[in-house]
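Asks: This is the structure I have questions about; it appears just below.
The values are calculated or read from the model by the stated rules, or taken from the named source; none is laboratory data. Quick caveat: nothing in here was measured; it's all calculated off a predicted structure. Note that each Cβ is placed from the backbone with ideal geometry, even for glycine, and that neighbours are counted across all protein chains shown.
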Amino acid sequence: MKSFLQAALFSGCLCLAGCSETGVEVTTSAAGASEFVNTVCPIMGNEIDPKEVDASLVKDFNGKKVAFCCPPCLEEWDELTDAEKTAKLSNPPKGDAHSH
């Protein structure tokens, strides 16, 4: 019986560990600065502010998070080969390379 009570108490503590009086903070930004492999959009070359990147503007590539400045850039990214994506990340365009 003692083991059962200890297990129940432990389980209850685990469930409450994430709770706080203020609740859970909800954010619309995707990831922190250190989580993105890029600081500029690999398609247009526009600077990326990690605090402002919406989760819908992030793609995974080779296990890394790549941020984009706008939805049309996501579409263009999807049309590239892996070799072209790697090249874009290594040598992104400077500034507003094109318009959508």
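Asks: Of everything in region 61-96 that's closer than 15 Å to Ile48 by Cβ and among the basic types (Lys, Arg), which residue is surrounded by the fewest Cβ atoms within 10 Å (Cβ to Cβ)?
Replies: Lys94
Asks: Would region 8-19 turn up any residue that is modelled with pLDDT under 50 and among the hydroxyl-bearing types (Ser, Thr, Tyr)?
Replies: Within region 8-19, the first condition is being modelled with pLDDT under 50, and the residues that meet it are 8-19.
After this cut, where a residue has to be among the hydroxyl-bearing types (Ser, Thr, Tyr) as well, the list is 11.
Yes: one or more hits.
Asks: Just to verify a result, which residue in region 35-74, among those that are among the aromatic types (Phe, Trp, Tyr) and part of a strand (DSSP E or B), is modelled with the lowest pLDDT?
Replies: Restricting to residues being among the aromatic types (Phe, Trp, Tyr) and part of a strand (DSSP E or B), the top hit is Phe36.
Asks: Look at region 46-76 and say how many of its residues are farther than 15 Å from Phe36 by Cα and over 16 Å from the mean Cα position of the chain (by Cα).
Replies: 3
Asks: Which pairs turn up if I take residues in region 47-59 that are under 20 Å from Lys85 (Cα atoms) and free of Cβ contacts under 8 Å to residues at least 60 places away in the same chain and look for partners that are among the aromatic types (Phe, Trp, Tyr) and assigned to a helix (DSSP H, G or I) with beta carbon separation below 9 Å, at least 6 apart in sequence or on another chain?
Replies: Pairs that qualify, where the first residue is under 20 Å from Lys85 (Cα atoms) and free of Cβ contacts under 8 Å to residues at least 60 places away in the same chain and the partner is among the aromatic types (Phe, Trp, Tyr) and assigned to a helix (DSSP H, G or I), are Lys59/Trp77.
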